[in-house]
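The values are calculated or read from the model by the stated rules, or taken from the named source; none is laboratory data. What you see is a predicted model, and the numbers here were worked out from it, not measured in a lab. Note: ideal-geometry Cβ built from the backbone for every residue, glycine included; neighbour counts use all protein chains shown.
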Number of protein chains: 2
Amino acid sequence: MGRWETGAGERLRVAALDLFSKNGFEGVTVAEIAAAAGLTERTFFRHYSDKREVLFDGQDRLEGLFLQAVAESRAVRPMELVTEALSRSAEFFGEDRRPWSRSRQTVIDANPALLERESLKMNSLAAALASGIEARGVLAVAATLAADSGISAFRMAFSQWIVEGEERSFEQIQAAVLDELRTVVGLG
Amino acid sequence: MGRWETGAGERLRVAALDLFSKNGFEGVTVAEIAAAAGLTERTFFRHYSDKREVLFDGQDRLEGLFLQAVAESRAVRPMELVTEALSRSAEFFGEDRRPWSRSRQTVIDANPALLERESLKMNSLAAALASGIEARGVLAVAATLAADSGISAFRMAFSQWIVEGEERSFEQIQAAVLDELRTVVGLG
DNA sequence: TACAGTGATGACAGTCTCTGACATCCATGT
DNA sequence: ACATGGATGTCAGAGACTGTCATCACTGTA
């Protein structure tokens, strides 16, 4: 491997969030982000497939946690598997991550194109979770419905977790939301 | 109002799906679509905010049906409201629409950028449904969870509806999926 | 019939995202 | 010293999208 200033991807990510926070997503060009990281525009696109992607990085690791939890579980019913997957995901959202998550979400919420990318990521997460559940012997329709409901709960928990002043841990919030889900949908 | 060849938007939509089906979404330029419709690139962007949007048109009308059903219902529990909204949406997917829906979906499924837009649209649909339910006196969390689950069922029903050889109506399929949802999530 | 008003379209220049092709650099291993 | 290979720089270019202004076709009114 070649040896330059290390962590180009990391530098780009930091510079991007910083600039986006100041000037908004559309108020910043890729060339500016690259320059702030001491690189060129072309190199930015070698690290991130497009301008939005620089804000959606940990996604793969999160998906990995979900799938690992499902694969290791001994549960059988789909919603039990979902519950364990979500529970495992809590380790991804430690206390130190909360401030970064907050400013990142502020940027995303202010731009339709970023909300679009976020929708896709959540969708992919749900699809991956569903196929993990299916691999455990659950029928496709049931697996998908359970996974979608679970991701819905996950999103709701996340948006609550980053509220200013919220003190509960991610795991606590998520457990509460899952209870609510069972109540609401179970009542028909 | 000015009077030219009418239905510019319609002509663009037809030309776009036709060209996309032949050459794929990325294999067609906006200028080509416009030319096929007897217009210029600039005019395309006056009718559709971007290249993808030409494939996502009826969305507003569908959302209207959902909201109307919720507003007119006398039900109280969130999942009952969702059920009625989905039931009403069935009138959107008449038999004559099935072939168009099929080819449209084939194009979308073949392109990540279009899948992304579709995710966003489904998300917006869910958000609109949730706020309609909330307006009927349901707490926000419960309304969102119910709406998300309902849209999940809706998507599942749609994807089944356009399967080649499927003969059941949209409404029949949707009812079956909703039953499955209650069973899966209700079991915890 | 003449004429001003209105909304849709055309023409054109320009910015920015994203890609392909090729040269260059730096550390490593020999 | 020298070859290697991955990461970066440089350059050219296509295509999406926007701003601006002119133009056209129809409408209503005198």
Neighbours by Cβ (under 8 Å, 6+ apart or cross-chain): first from the stretch A:22-33, touching a residue at least 40 places away in the same chain (Cβ under 8 Å); second of a type in the set (S, T, N, Q) and more than 8 Å from DNA strand C (Cβ to nearest atom): A:GLY24/A:ASN111; A:PHE25/A:ASN111; A:GLU26/A:ASN111
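Every residue, every condition in (1) outside any helix (DSSP H, G or I); (2) more than 30 Å from B:ALA113 (Cα to Cα); (3) within 14 Å of chain B (Cβ to nearest Cβ), yes or no:
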site	(1), (2), (3)
A:SER101	no, no, no
A:ARG117	no, no, yes
A:GLY150	no, no, yes
A:ARG155	no, no, yes
A:GLN172	no, yes, no
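Mind checking which residues of the stretch A:34-45 are surrounded by 13 or more Cβ atoms within 10 Å (Cβ to Cβ) and within 9 Å of DNA strand C (Cβ to nearest atom)? Even if it seems obvious, please write down each step before you answer.
Step one: of the stretch A:34-45, the residues surrounded by 13 or more Cβ atoms within 10 Å (Cβ to Cβ) are A:34-41, A:43-45.
Selection gives A:GLU41, A:PHE44, A:PHE45.
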Some residue of the stretch B:159-170 being closer than 30 Å to A:ASP109 by Cα and either within 9 Å of another protein chain (Cβ to nearest Cβ) or modelled with pLDDT of 95 or more (or both): yes
Number of the exception - A:ALA85 against (1) modelled with pLDDT of 95 or more; (2) surrounded by fewer than 21 Cβ atoms within 10 Å (Cβ to Cβ); (3) in contact with a helix residue (DSSP H, G or I) (Cβ under 7 Å, 6 or more places away or on another chain); (4) more than 8 Å from chain B (Cβ to nearest Cβ): (2)
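Given the stretch A:1-82, what helices (runs of 4 or more DSSP H) lie entirely inside it while holding 3 or more residues that are over 29 Å from A:ARG155 (Cα atoms) and either of a type in the set (S, T, N, Q) or near DNA strand D (Cβ under 10 Å from one of its atoms) (or both)?
Because the criterion is at least 3 residues that are over 29 Å from A:ARG155 (Cα atoms) and either of a type in the set (S, T, N, Q) or near DNA strand D (Cβ under 10 Å from one of its atoms) (or both), the helices (runs of 4 or more DSSP H) in the stretch A:1-82 that meet it are A:41-47.
Let me confirm something: among A:ALA142, A:ALA135, A:ALA113, which residue is among the aliphatic types (A, V, I, L, M), crowded, with 18+ Cβ neighbours inside 10 Å and touching a residue at least 24 places away in the same chain (Cβ under 8 Å)?
A:ALA142
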